[in-house]
Amino acid sequence: MSKNSLRDAIQRALNVSSLAGVALFLGNIAVPAAAQDQNTNQGQANQGQQPQTLQTIVVTGSNIRRVDLETSNPVVTVDSKEIQQSGRPTLGSLLQELPAITGSPMSDRVNNGGGSGSSAANLRGLGTARTLVLVNGHRVINGDLNIIPAELVERVEVLNDGASATYGSDAIGGVVNFILRSNYQGAQFSADYGVSDHDDGVRKGASFIFGQTSDKGSIIAGVDYNKQEGISSANRDFSKDALYHYYGYVLPTGSSRNPFGRAILSSTVNVFDPSDPTGPGIPTEFDANNPDDCSSATRKGPTSPPGTGQSLTDYRCYNGLTDAYNFQLLNFDEVPQERVNAFFNGTYQLSDNVQAYLSVFHNHTTSESAIAPLPFDADSDGVTISRYSMYNPFGVDFGPPQNNPTYLAASPTGTPSVAQPDFNYLTRWTGEGQRKGEFSQTTEDAIIGLKGSFGQSSWQWDANFNYGWFSRQIHTVGDLVYNQQFRDALGPSAMIDGVPTCLTAPLSAGGVPVPNCTPLNIFDQDSPQSLAIEDKFLATLFSNLHTQQRIFNVSANGNLFTLPAGDAQLAVGADYRKLYLNNQVDFLSLIDTNPNDASFGKCSVPQSACGSPTRGGYNVKEAYGELFIPILKDLPFAKALNVTVGGRYSKYSLAGSTSNYKLAVEWRPIDDLLARK
């Protein structure tokens with residue numbers, strides 16, 4: 001493909017020699033004039049056979065160029081044919097079927113806690129932050145497996161072993177390396193369509209690539225598009241119920257935060273027993289079904305019409321199996337998403353010994369998530385439901401500070417010596433609908449570099465710059481703001497002149513009306529009257545994440561000296577990485593970071609939606625080396641015995657320095673057997 005000294009020599013020979021002379025000339029120069037990344041089988045040449053040219057490559061997990069595809073590194077390879085036959089729309093959905101990817105990796109199908117349309121690799125269950133994702137041996141910005149179009153990939157190499165001495169600490173779990181196609185000539189268009197046997201989850205996709213190759217270089221570019229419609233968990237028998245495993249049994253159950261409420265009256269005593277001095281004196285009729293263990297109550301369910309929940313006769317004992325809320329019905333099994341990829345990969349031969357290369361990727365993904373309506377927990381959400389609320393039938397305060405062990409209730413003698421039981425109230429805001437999230441994220445990554453050889457020697461060098469940029473915007477609905485107005489609506493209240501009125505304190509204690517406040521009946525949260533008040537506290541939240549990555553890398557590798565078993569090879573290099581992050585959250589989600597405030601560690605929305613803005617960066621300076629030493633070759637019980645030693649020094653601007661080393665041994669007693677350590 002490239003313009004090199006071998007081709008020039010042939011051209012000169014054609015100008016001055018006869019055909020016979022040219023044939024003789026070619027036979028003489030075939031071995032010494034081989035290209036720099038090729039080795040020639042000397043034995044065949046000496047026997048007068050046609051020389052066999054072997055391509056040397058860098059196998060994932062090592063910086064040494066080798067002829068052998070199987071080395072001391074346990075690499076699993078997925079080639080382009082397997083990718084095409086899988087029918088998977090993204091590489092992430094395919095690679096996550098590999099047994100080595102385990103634990104809880106982010107997937108483009110993850111809905112609760114995900115929904116972004118991204119896929120990540122979690123090799124050996126050590127976490128996605130410890131699994132390194134590479135493209136042609138270079139890092140990519142956010143480790144999303146879906147930003148690489150499947151049509152551009154020649155093969156994927158998955159290293160199932162730690163490689164921190166080769167790549168750094170982010171490769172402790174392993175490495176996923178995408179090797180891109182090169183020397184492509186022509187154009188290709190493809191389209192796919194799929195639908196499930198339930199007549200949902202329609203998938204559409206199309207891609208177009210073209211390439212051109214000449215003696216000066218090659219280019220390949222194209223676009224890729226796919227769209228996946230969502231599939232509701234309610235439409236599949238295997239996912240429509242929330243299932244829990246108890247000692248070998250699978251039980252359909254769900255969340256204790258049900259829309260009819262759950263009043264946890266005591267975790268230590270049977271408060272339904274009015275003879276218990278620590279209980280609130282609830283009539284014994286409530287423990288008729290379970291007199292020995294009935295520490296929480298719930299409304300009598302759908303048979304209770306709107307407006308109920310204000311009398312103890314509306315309640316019964318809570319049953320964890322029959323009263324739990326099935327949150328699965330509103331989840332997605334398949335997250336709706338739409339993805340556009342554009343890519344370019346090219347090389348250009350600047351001279352006989354220098355080649356320029358450029359790889360550019362663009363990805364834009366939009367997706368949605370949908371989960372059950374917002375649960376409420378008075379304790380963890382930091383909201384107190386006053387015993388003096390006109391709607392509270394239990395006569396106790398629910399929520400903090402009762403969950404604080406240092407909070408003491410007054411004993412009958414007035415001495416604060418008796419610990420108050422933990423009274424908590426749980427419910428779910430089903431009247432406000434489910435929570436939904438809309439994601440929009442863009443990834444840009446560009447790798448530009450020069451590589452070449454030192455004259456006619458075996459030594460090769462590479463210098464490159466990698467710039468990555470990632471942005472994600474999230475828009476969520478379905479949360480409520482637990483601000484002071486909300487807390488006032490659950491505080492003391494009474495009917496004054498026929499109007500429900502919020503009070504600063506009980507009337508008996510001189511409480512006065514709270515301006516612009518209407519009491520909220522949380523015990524009947526899905527009634528029309530309650531919904532009209534709750535709508536005022538609905539929250540629409542936004543967040544924005546932006547990251548950047550800049551990497552400079554220089555490396556070299558080649559033969560160091562010759563041993564009886566072959567050439568000892570050395571690879572050396574240095575990295576400089578600079579990373580930056582800026583994460584902005586909605587002002588309603590801001591966590592109070594002032595330890596002197598009573599609301600320290602909390603925010604205006606439920607804790608699941610709280611966050612803090614983060615901005616900053618750090619840099620990493622690294623140097624590494626790797627030495628390959630052939631010990632034995634072509635001996636009885638030692639067709640090959642090789643040793644590889646390597647090390648990497650890393651200095652982090654925020655966390656000091658560290659060094660990692662490796663020692664790898666590969667022993668091939670016979671051609672068909674390889675032992676490695």
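The values are calculated or read from the model by the stated rules, or taken from the named source; none is laboratory data. Keep in mind that this is a model prediction, so the values were computed, not measured. All Cβ positions, glycine included, derive from the backbone under ideal geometry; neighbour counts span all protein chains shown. Protein only, heavy atoms only, side chains kept; ligands, DNA and RNA dropped before computing areas. Shrake-Rupley method; radii C 1.70, N 1.55, O 1.52, S 1.80 Å.
Output the residues belonging to region 343-357 that are at pLDDT 95 or above and surrounded by fewer than 18 Cβ atoms within 10 Å (Cβ to Cβ).
Tyr348, Leu350, Val354, Ala356
Only one of Gly625, Gly616, Gly647 is outside any loop (DSSP other than H, G, I, E, B), within 30 Å of Tyr482 (Cβ to Cβ) and of a type outside the set (Ser, Thr, Tyr). Can you tell me which?
Residue meeting the stated conditions: Gly616.
Identify all residues within region 488-519 that are in contact with an Asp or Glu (Cβ under 7 Å, 6 or more places away or on another chain) and touching a residue at least 24 places away in the same chain (Cβ under 8 Å); write none if there are none.
The answer is Val514, Cys517.
What's the total number of residues in region 619-638 that are open to solvent by less than 80 Å² (accessible area, probe 1.4 Å) and closer than 30 Å to Asp170 by Cβ?
10
Considering only region 154-212, state which residues are closer than 19 Å to Glu82 by Cβ and of a type in the set (Lys, Arg).
Arg155, Arg181
Looking only at region 352-385, filter to residues that are touching a strand residue (DSSP E or B) at 6+ places or on another chain (Cβ under 8 Å) and of a type in the set (Ser, Thr, Tyr); which one of those is nearest to Pro606 (Cα to Cα)?
By that ranking, first place goes to Thr384.
What number goes with the only condition from (1) open to solvent by 30 Å² or more (accessible area, probe 1.4 Å); (2) part of a helix (DSSP H, G or I) that Phe486 does not pass?
(1)
Of the residues that sit in region 528-581 and are of a type in the set (Ser, Thr, Tyr) and without any contact (Cβ under 8 Å) to a residue 40 or more places away in the chain, which one is most open to solvent (accessible area, probe 1.4 Å)?
Checked region 528-581; the qualifying residue most open to solvent (accessible area, probe 1.4 Å) is Thr562.
Residues of region 380-396 being closer than 27 Å to His475 by Cα and either open to solvent by 20 Å² or more (accessible area, probe 1.4 Å) or assigned to a strand (DSSP E or B) (or both), which ones?
Ser380
With the structure loaded, tell me whether Gly92 is open to solvent by less than 10 Å² (accessible area, probe 1.4 Å), farther than 30 Å from Gln185 by Cα and at pLDDT 80 or above or whether it fails that test.
When the stated conditions are applied, Gly92 does not pass them.
Determine the pairs where a residue that is in contact (Cβ under 8 Å) with a residue 12 or more places away in the chain and among the charged types (D, E, K, R), located within region 609-622, has a partner that is outside any strand (DSSP E or B) and exposed (fewer than 14 other Cβ atoms within 10 Å of the Cβ) with Cβ atoms under 9 Å apart, the partner being 6 or more residues away or on another chain.
Between residues of region 609-622 that are in contact (Cβ under 8 Å) with a residue 12 or more places away in the chain and among the charged types (D, E, K, R) and residues that are outside any strand (DSSP E or B) and exposed (fewer than 14 other Cβ atoms within 10 Å of the Cβ), the close pairs are Lys621/Ser653.
Could you count how many residues in region 74-96 are hydroxyl-bearing (Ser, Thr, Tyr), touching a helix residue (DSSP H, G or I) at 6+ places or on another chain (Cβ under 6 Å) and assigned to a helix (DSSP H, G or I)?
Summing the residues that are hydroxyl-bearing (Ser, Thr, Tyr), touching a helix residue (DSSP H, G or I) at 6+ places or on another chain (Cβ under 6 Å) and assigned to a helix (DSSP H, G or I) in region 74-96 gives 1.
Provide a single number: the residues in region 168-213 that are assigned to a strand (DSSP E or B) and either touching a His at 6+ places or on another chain (Cβ under 6 Å) or among the charged types (D, E, K, R) (or both).
Residues meeting the conditions: 3.
Six or more apart or on different chains, Cβ under 7 Å: which pairs go from a residue in region 627-647 that's in contact (Cβ under 8 Å) with a residue 12 or more places away in the chain and within 22 Å of Asn557 (Cα to Cα) to one that's outside any strand (DSSP E or B) and of a type in the set (Ser, Thr, Tyr)? Could you list them?
Pairs that qualify, where the first residue is in contact (Cβ under 8 Å) with a residue 12 or more places away in the chain and within 22 Å of Asn557 (Cα to Cα) and the partner is outside any strand (DSSP E or B) and of a type in the set (Ser, Thr, Tyr), are Thr644/Ser62; Thr644/Ser72; Gly646/Thr166.
Of everything in region 431-453, what is of a type in the set (S, T, N, Q) and open to solvent by less than 40 Å² (accessible area, probe 1.4 Å)? Give them in sequence order.
Of everything in region 431-453, those that are of a type in the set (S, T, N, Q) and open to solvent by less than 40 Å² (accessible area, probe 1.4 Å) turn out to be Ser440, Gln441, Thr442, Thr443, Ser453.
Considering every residue within region 454-464, establish whether at least one is buried (at least 16 other Cβ atoms within 10 Å of the Cβ), small (Gly, Ala, Ser) and either in a strand (DSSP E or B) or modelled with pLDDT of 95 or more (or both).
no
I'd like the residue in region 42-71 that is modelled with pLDDT under 70 and among the small types (Gly, Ala, Ser) and, out of all such residues, is most open to solvent (accessible area, probe 1.4 Å).
By that ranking, first place goes to Gly48.
If you go through region 499-527, how many residues are at pLDDT below 90, open to solvent by 20 Å² or more (accessible area, probe 1.4 Å) and outside any helix (DSSP H, G or I)?
Residues flagged as at pLDDT below 90, open to solvent by 20 Å² or more (accessible area, probe 1.4 Å) and outside any helix (DSSP H, G or I) within region 499-527 amount to 1.
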